[in-house]
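Reviewing the structure listed below.
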Amino acid sequence: MTIQLNGAERLVRPGTTVRDLLDELGLESRGIAVALDHVIVPRSAWAATVVAVGARVDVVTAMQGG
């Protein structure tokens, strides 16, 4: 199935959770925020939140510096 990940189309398998997606991307939990269809998903809900067909997922990584 297709989703929008940070503005680009990405194929994922049905039933993919936010946690699964982050694992596929090789991202650690620390310093990451995830929005699903413009709503922030709490880290405690990542493993239980399934990404639907056509969903918009935005993954933001905290950066330090100025």
Subject >> Failed item in (1) assigned to a loop (DSSP other than H, G, I, E, B); (2) among the hydrophobic types (A, V, I, L, M, F, W, C); (3) in contact (Cβ under 8 Å) with a residue 12 or more places away in the chain, with MET63 passing the rest >> reply: (3)
Subject >> Which numbered condition GLY31 fails, given (1) open to solvent by less than 40 Å² (accessible area, probe 1.4 Å); (2) in contact with a helix residue (DSSP H, G or I) (Cβ under 7 Å, 6 or more places away or on another chain) >> reply: (2)
**OP:** Report yes if ALA62 is in contact with a helix residue (DSSP H, G or I) (Cβ under 9 Å, 6 or more places away or on another chain) and farther than 15 Å from ILE3 by Cα, otherwise no.
**Re:** no
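Conditions (1) touching a strand residue (DSSP E or B) at 6+ places or on another chain (Cβ under 6 Å); (2) part of a strand (DSSP E or B); (3) in contact (Cβ under 8 Å) with a residue 12 or more places away in the chain, marked per residue:
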| site | (1), (2), (3) |
| --- | --- |
| ILE3 | yes, yes, yes |
| GLU9 | yes, yes, no |
| PRO14 | no, no, yes |
| ARG19 | no, no, yes |
| LEU22 | no, no, yes |
| GLU28 | no, no, no |
| VAL34 | yes, yes, yes |
| SER44 | no, no, no |
| VAL53 | no, no, yes |
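The values are calculated or read from the model by the stated rules, or taken from the named source; none is laboratory data. Keep in mind it's a predicted model, so treat the numbers as computed, not measured. Note that each Cβ is placed from the backbone with ideal geometry, even for glycine, and that neighbours are counted across all protein chains shown. With ligands, DNA and RNA removed, areas are computed over all heavy atoms of the protein, side chains included. Shrake-Rupley method; radii C 1.70, N 1.55, O 1.52, S 1.80 Å.
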